[in-house]
1. Return the residue satisfying two criteria in turn: it lies in segment 14-34 and is over 19 Å from the mean Cα position of the chain (by Cα) and among the aliphatic types (A, V, I, L, M), and of such residues it is surrounded by the most Cβ atoms within 10 Å (Cβ to Cβ).
2. Take the residues in segment 35-67 that are of a type in the set (G, A, S) and either in contact with a helix residue (DSSP H, G or I) (Cβ under 9 Å, 6 or more places away or on another chain) or farther than 18 Å from D78 by Cα (or both), then tell me which one is surrounded by the fewest Cβ atoms within 10 Å (Cβ to Cβ).
3. R102 - would you say it is in contact with a His (Cβ under 9 Å, 6 or more places away or on another chain), among the charged types (D, E, K, R), closer than 16 Å to G139 by Cα and assigned to a helix (DSSP H, G or I)?
4. Restricting the search to segment 107-158, which residues are among the acidic types (D, E) and part of a helix (DSSP H, G or I)?
5. Taking into account only those residues within segment 78-99 that are of a type in the set (D, E, K, R) and part of a helix (DSSP H, G or I), which is surrounded by the fewest Cβ atoms within 10 Å (Cβ to Cβ)?
Amino acid sequence: MLVNRQHTLARLAHLVDAPPDSAQVKRFYNEWNALWSAVHQLAELQDGDLLPLLRRALRHPDPFIREGALELAGFHYDLTDDAELLGHLRLMLHSDASEDVRLAAASVLGVQANAWDEALVWALTNDPDEDVRRAAFAGLLRLLRLGPGPEERWLREVEAGRLGLTLDALRAIAARYDL
């Protein structure tokens, strides 16, 4: 079913601009969940009016909203030339209190960055959450441009515990391919 674009954008704008008070939290999450499918559909269509709302949502006080906005913007729009937005994603990766937001930021940067990204290196070597470090490792591995087959092979090595989530492991992989 095709969404009512204007209605969806208006409802999302209201949610982004009116963070919930403690009495409204359940209603707020219900509204976000009810909107998700329609907003996702607009993101898949790369609706130009949605991206500014997602930018605002990246600064939302609720980590669930920030994470959703990261995923929608980062996996459905080409952000490679948007230095301001990528800079904000790097800041989120460095400093967001939510490991889910940092995980989403690492995943998005691994897809959106054009080259080895220092924020991903920082997350790999410094983030306290193993899932965030794993996403940073995967993003940096992707940025080596080995292709899906070799990337999956090396990620399986990590999962099996035969390869560590380290910068040295990535350097060894790069050297193996003369990169």
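Please treat every number below as a calculation from the coordinates, not as lab data. Quick caveat: nothing in here was measured; it's all calculated off a predicted structure. Neighbour counts run over all protein chains shown; Cβ positions are idealised from the backbone, glycine included.
1. The first filter runs over segment 14-34 and keeps only residues over 19 Å from the mean Cα position of the chain (by Cα), leaving 14-15, 17-31, 34.
Applying the additional criterion that residues be among the aliphatic types (A, V, I, L, M) yields 15, 18, 23, 25, 34.
Values: L15: 20, A18: 10, A23: 8, V25: 12, A34: 10.
It comes out as L15.
2. Step one: list which residues in segment 35-67 are of a type in the set (G, A, S), which gives 37-38, 43, 48, 57.
Filter once more, keeping what is either in contact with a helix residue (DSSP H, G or I) (Cβ under 9 Å, 6 or more places away or on another chain) or farther than 18 Å from D78 by Cα (or both): 37-38, 43, 57.
On the way: S37: 11, A38: 19, A43: 21, A57: 25.
So, considering only residues that are of a type in the set (G, A, S) and either in contact with a helix residue (DSSP H, G or I) (Cβ under 9 Å, 6 or more places away or on another chain) or farther than 18 Å from D78 by Cα (or both), the one surrounded by the fewest Cβ atoms within 10 Å (Cβ to Cβ) is S37.
3. Working: in contact with a His (Cβ under 9 Å, 6 or more places away or on another chain): yes; among the charged types (D, E, K, R): yes; closer than 16 Å to G139 by Cα: yes; assigned to a helix (DSSP H, G or I): yes.
Spelling it out, R102 is indeed in contact with a His (Cβ under 9 Å, 6 or more places away or on another chain), among the charged types (D, E, K, R), closer than 16 Å to G139 by Cα and assigned to a helix (DSSP H, G or I).
4. Going residue by residue through segment 107-158, those that are among the acidic types (D, E) are 117-118, 127, 129-131, 151-152, 157.
Residues satisfying the conditions are E118, E130, D131, E151, E152, E157.
5. In the first step, residues of segment 78-99 are kept if they are of a type in the set (D, E, K, R); the result is 78, 81-82, 84, 90, 96, 99.
Narrowing further to those that are part of a helix (DSSP H, G or I): 84, 90, 99.
Working: E84: 9, R90: 19, E99: 15.
For segment 78-99, the residue satisfying everything is E84.
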